[in-house]
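Before any comments, here is the structure.
The values are calculated or read from the model by the stated rules, or taken from the named source; none is laboratory data. For clarity, every value in this text was computed on a predicted model and none was experimentally measured. Neighbour counts run over all protein chains shown; Cβ positions are idealised from the backbone, glycine included. Side chains included, ligands, DNA and RNA excluded: accessible areas come from the protein's heavy atoms. Shrake-Rupley method; radii C 1.70, N 1.55, O 1.52, S 1.80 Å.
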Amino acid sequence: MSSAARSPSTGAPSDDAHDRRLLSGVVGQAGAVTVAVTGGAASAAQALVNGRLATGLGTPVAAALVSNGLATVLLLVISVASPAVRTSLRRILRERLPWWCYLGGVIGAVSVAGTAFAAPILGVALFTVVSVCGTGVGGLAADRAGLGAAGRLPVSAGRVAGAALAVVAMAVAQAGHAAAGVALGVMAFVLVLGMGRSVQAALNARLAAVARNVGAASLVNATVGTLALALGAGVLATAGALPFAGWPTTWWAYLGGALALVVTGANMIAARSIGVLRTVLAALSGQLVCGIALDALVPSEPMPTRWLLLGSVLMVLAVTVSSVTAARDKQTSISR
């Protein structure tokens, strides 16, 4: 067993290694992969749902506020029922982290609103490809700046190659898009959103490292995001720039918050059983396959093209290259 999987004080297996073996025994390796794929599919469905909610309400800001607000309420219910979450929340308060560590919630709020705006225009599958490209490129910058809990990490040639391949995949996926002029501007916006997600993930990792509980970290993140959206919506409403078209009658348009919790929970369970690398690959596969299926099955979504399918395959390859390189870099740093 490697030193990373043992307690530094006793040499006994660490809690993380114990949890991984326990969860592997409960859900099994194949079950953990299925959980990760389900989380990725839920992420694609969330983009569609939030886009439909934005269309119904009349603005993506209102849709993001409703989605984030529902997720916050669900997490509050969980925290009331879970002593572990309440203990972790008190731990966060005692730690008194710098204010910028809580900006992950604000970035997440902007991401939800941006998803509600852009997903209906690009389609779920193309939105996913562009967003993942931005996340990969932004991840290089976040690691180099040391925003995550692991501190400053080197940018290796392999990870740069993975990010470059992601850019190629994005370019291939959008080839022949029917609304090329509009799509390029929206794609640039989604690319920035994807970069922001890397920063959000790094900041949330710091928060989770202090909380030692994903539920508590998620609650803080969702609460900050909901407050930021409420403030933004209030400013827009005061200026008369927040149109309201009425509440959508489609019941599933309100599932965005619940789907966000499914994504978080699936990633947590799968990563502790099969590791981060396999979780990322399985989740991305589920996200892309579900996105393509939703585009093909939902009448209002753009039909997937052969270029989009090829770009999706290239994006999986790009994530594989980046993830394998990141895992190798982490192992190297541990051995030193």
- Message: So if I check each of A211, A293, A260, A217, which one is closer than 21 Å to V132 by Cα and either modelled with pLDDT under 80 or touching a helix residue (DSSP H, G or I) at 6+ places or on another chain (Cβ under 7 Å) (or both)?
- Response: A260
- Query: Within the set of pairs 6 or more residues apart or between chains, which connect a residue that is surrounded by 12 or more Cβ atoms within 10 Å (Cβ to Cβ) inside segment 228-254 to a residue that is aromatic (F, W, Y) and modelled with pLDDT of 90 or more with Cβ atoms less than 8 Å apart?
  - Reply: P248/Y254
- Query: If R306 satisfies every condition in (1) open to solvent by 50 Å² or more (accessible area, probe 1.4 Å); (2) touching a helix residue (DSSP H, G or I) at 6+ places or on another chain (Cβ under 9 Å); (3) of a type outside the set (A, V, I, L, M, F, W, C) but one, which is the exception?
  - Reply: (2)
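Tally time: how many residues in segment 296-319 are under 26 Å from A164 (Cα atoms) and not hydroxyl-bearing (S, T, Y)? Steps first, answer last, please.
First, pick out the residues of segment 296-319 that are under 26 Å from A164 (Cα atoms): 304-319.
Retained after the next criterion (residues that are not hydroxyl-bearing (S, T, Y)): 304, 306-311, 313-319.
Total meeting the criteria: 14.
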- Query: So which of V73, V80, V27, V35 ends up being at negative phi, part of a helix (DSSP H, G or I), open to solvent by 20 Å² or more (accessible area, probe 1.4 Å) and modelled with pLDDT of 90 or more?
  - Reply: V73
